[in-house]
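Chemist: Take a look at this one; I'll ask things after.
The values are calculated or read from the model by the stated rules, or taken from the named source; none is laboratory data. Only a predicted model underlies this, so the values are computations on that prediction, with no experimental measurement involved. Every residue, glycine as well, gets a Cβ built from its backbone with ideal geometry; the counts of neighbours run over all protein chains shown. For accessibility, only protein heavy atoms count, side chains too; no ligands or nucleic acids. Shrake-Rupley method; radii C 1.70, N 1.55, O 1.52, S 1.80 Å.
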Amino acid sequence: MNRSLLLAAGLAAAGALGLTGYLSAYPGGTPSSVTNAAPYCARCHSSTSAEQLREMPAAAQASQTPEKKHYPGILKGEESYGKLSEADRGKLVDAIKAVDKNSTVTLTLSSTTVKPGAAMTVTVKTHGGGGPVVGVMLTDNDYRNQSGPIQTEGFVITKAPEVTGMDGKAQTKWTDARAAGLPKGINYVNIYDVHSDPVAGTYADCKVEYSLKAPTAPGEYTVSAAFLYGTEKSTPLGTVQTPDGRKFPLGGGGAESGRIQFAKMVTITVK
Ligand code: HEC
């Protein structure tokens, strides 16, 4: 769907939900969907590399990168970006490019060879992301449109993912929001109170540790992690304050300012 259609759909939704309902749907992660998730859900987001779309034709791959999907609309002053002067639009793109350059995600495994059904841990570290929220998903591979939760391969996430925020403190806000009685071992987390500042050159560091049980069937399995983040709210130029004081990206909730990035895929041998 193109931006105008999304905006139209968004406005229709705003009518149905009330403006606040629409504004809280995206971005800000998915505060009301506390469950397993896969990166394909974030269709508005841009892909930080064409590699994650390698099954698609070259033109379709390129169309999802920020160079094609996000920066040009800002530079041309499309829709709400037209509120900024040309000079400020240039500054906004520079700030967003700095966030992109400094946003990374890595994966560390307690072991890459494990016995069937053995306990193991996977640690995902994120650097950057605009904030105030970033998202992490533990996935079975690194294809944007063909990865799923790691459990689909037979891994079990045995307890709530342990989140460490940018202040170095443990955070349980996300998994605390799971309904009473549901297991908390899910592959997706929102990390809160994150803030990167491309002007000051400071970028958030966060961590998620997953406790897993390996599949019972011997074989080779792959694992990756998706890092979902926003870019515009990292800078005042890209931020709009809502009437009730929340921050919203200048491009709006249907814009392309979100990102999907994957950690380098790792192979695990179960034997
Ligand atoms: C309608 C378009 C759209 C869809 C669909 C969408 N997002 Fe986003 N998302 C955005 C925008 C726009 C931002 C970027 C905000 C910015 O640039 O600061 C964002 C940002 C985010 C962030 C960072 C939060 C923040 O504070 O900026 C997370 C986490 C996220 N999205 C997760 C998801 C997940 C998970 C899904 C699928 C369930 C999803 N998004 C689907 C538009 C979308």
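Chemist: When Lys and Arg each count +1 and Asp and Glu each count -1, what net charge do the other residues less than 15 Å away from Val124, Cβ to Cβ, add up to?
Modeler: Local net charge: -2.
Chemist: On to the next question. Assuming R0 = 22 Å, what is the FRET efficiency of Glu55 and Ser32, from their Cβ-Cβ distance, to the nearest 0.05?
Modeler: With a Förster radius of 22 Å, E is 0.10.
Chemist: Could you give the semi-axes, largest first, of the ellipsoid that matches segment 197-247, computed as the square roots of 5 times the alpha carbon gyration tensor eigenvalues and rounded to whole Å?
Modeler: Value: 39, 14, 10 Å, ordered largest first.
Chemist: Would you report the distance distribution of C-alpha pairs in segment 24-67 as whole percents per 10 angstrom bin, up to the bin with the largest distance?
Modeler: 24, 45, 26, 5
Chemist: State the percentage of accessible surface on the chain attributable to carbon and sulfur atoms; use a 1.4 Å probe and exclude ligands, DNA and RNA.
Modeler: Details: 7000 of 12390 Å².
About 56 percent, which is the carbon plus sulfur part of the accessible surface.
Chemist: If you don't mind, another one. Please give the helix 3-17 orientation as an angle from the longest Cα principal axis of the chain, in degrees from 0 to 90, rounded to the nearest 10.
Modeler: So the helix axis and the longest Cα principal axis differ by about 80 degrees.
Chemist: With a 1.4 Å probe and all protein chains kept in place, how do His70, His195 rank by accessible area, largest first?
Modeler: His195, His70
Chemist: Okay, next question. Starting from the 7 Å offset along Cα-to-Cβ, what nm value, one decimal, do you get for the label separation of Lys91 and Ser110?
Modeler: 4.9
Chemist: OK, next. Going by Cα centres, segment 77-144 and segment 218-233 are how many Å apart?
Modeler: Using only Cα atoms to place each centre, the spacing works out to 9 Å.
Chemist: A follow-up question, please. Going by a ≥ b ≥ c, the root eigenvalues of the Cα gyration tensor, does segment 140-195 fall in the rounded group (a/c under 1.5), the prolate group (a/b larger than b/c) or the oblate group?
Modeler: It is oblate, given that a/c is not under 1.5 and a/b is not larger than b/c.
Chemist: Let me confirm the definition first: pairs of Lys residues in segment 54-168, 8 or more apart or on different chains, C-alpha distance under 17 Å. How many are there?
Modeler: Summing the qualifying lysine pairs gives 10.
Chemist: Please work out whether the chain counts as rounded, prolate or oblate from its C-alpha gyration tensor, where a ≥ b ≥ c are the square roots of the eigenvalues and a/c under 1.5 means rounded, while otherwise a/b larger than b/c means prolate and anything else oblate?
Modeler: Prolate.
Chemist: Follow-up. For segment 3-270, build the charge dipole from Cβ charges (+1 Lys, Arg; -1 Asp, Glu) around the Cα centre, then report which of Gly254, Val208, Val99 sits farthest towards its positive end.
Modeler: In segment 3-270, that residue is Val208.
Chemist: Right, something else. When DSSP assigns beta bridges and you keep just the ones with both residues in the chain, what percent turn out antiparallel, to the nearest 5?
Modeler: 90
Chemist: Compute the label zone of Thr239 within segment 190-220: residues whose backbone N is under 13 Å from the point 7 Å along Cα-to-Cβ.
Modeler: Taking a point 7 Å out along Cα→Cβ of Thr239, the residues of segment 190-220 whose backbone N falls under 13 Å are 193-200.
Chemist: Right, something else. Stretch Ser80-Val199 to full length: gain in nm at 0.36 nm per residue minus the Cα-Cα span?
Modeler: Gain on extension, Ser80 to Val199, equals 40.6 nm.
Chemist: Provide, in order from the shortest bin, the percent of all Cα-Cα pairs of segment 160-271 in each 10 Å bin, continuing until the bin that contains the maximum pair distance.
Modeler: 11, 31, 34, 17, 6, 1
Chemist: Grab the DSSP H runs of the chain that are 4 residues or longer, score each as -39,500 (n - 2.57), total them, divide by all residues and round the 222 nm result to the nearest 500 deg cm²/dmol.
Modeler: -5500 deg cm²/dmol
Chemist: Now for a separate question. If ligands, DNA and RNA are left out, what is the accessible area of Arg246 with a 1.4 Å probe, given in Å² to the nearest 10?
Modeler: Counting only protein heavy atoms, Arg246 exposes about 80 Å² to solvent.
Chemist: Calculate, for segment 3-270, the solvent-accessible area per residue in square angstrom, rolling a 1.4 angstrom probe over the heavy atoms of the protein chains.
Modeler: For segment 3-270, the solvent-accessible area averages 45 Å² per residue.
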